[in-house]
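The values are calculated or read from the model by the stated rules, or taken from the named source; none is laboratory data. Given the structure is predicted, the values throughout are model-derived calculations rather than measurements. Glycine also receives a Cβ, built like all others from the backbone with ideal geometry; neighbour counts cover every protein chain displayed.
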């Protein structure tokens with residue numbers, strides 16, 4: 001399984017709205033690196049749900065339920081969408097400040113490529129964040 005991080009501005013589409021909807025599609029990505037990450041996602045992969053601009057924290061975990069397909073918001077075949085469903089809310093949100101302060105997370109794409117809306121997360125990074133969120137043990 002691979003791990004990811006997807007960013008959403010809470011005023012546009014929040015975790016709570018996602019949970020209420022029970023499923024959503026991730027569309028409108030117009031960045032090649034983010035698009036390549038979407039294309040690499042496989043059914044069953046998990047992604048941290050990060051509130052950007054406001055909140056600046058990881059609040060939940062989403063699961064890929066449908067792999068990349070043509071983005072319905074454009075006719076351009078270069079862009080794709082992926083379907084997610086909510087898996088679970090984190091016990092404690094993990095803030096960007098916390099991530100930046102943790103030496104084990106210094107190479108995370110969310111720090112190095114802060115503009116990227118869809119980023120890859122290593123298994124080690126995933127486990128550290130799960131610990132910080134009180135999700136282990």
Qualifying helices (runs of 4 or more DSSP H) (wholly inside segment 46-137; at least 2 residues being touching a strand residue (DSSP E or B) at 6+ places or on another chain (Cβ under 6 Å) and surrounded by 19 or more Cβ atoms within 10 Å (Cβ to Cβ)): 123-132
Flag if residue 81 is modelled with pLDDT of 95 or more and touching a helix residue (DSSP H, G or I) at 6+ places or on another chain (Cβ under 9 Å): yes
Could you please give the count of residues in segment 18-45 that are under 11 Å from residue 120 (Cα atoms), in contact (Cβ under 8 Å) with a residue 40 or more places away in the chain and not in a loop (DSSP other than H, G, I, E, B)? 5
I'd like the full set of residues that are in contact with a helix residue (DSSP H, G or I) (Cβ under 8 Å, 6 or more places away or on another chain) and in contact (Cβ under 8 Å) with a residue 40 or more places away in the chain, limited to segment 58-78. 58, 59, 60, 62, 78
Is one or more of the residues making up segment 101-123 within 13 Å of the chain's Cα centre (by Cα), farther than 21 Å from residue 10 by Cβ and touching a residue at least 40 places away in the same chain (Cβ under 8 Å)? yes
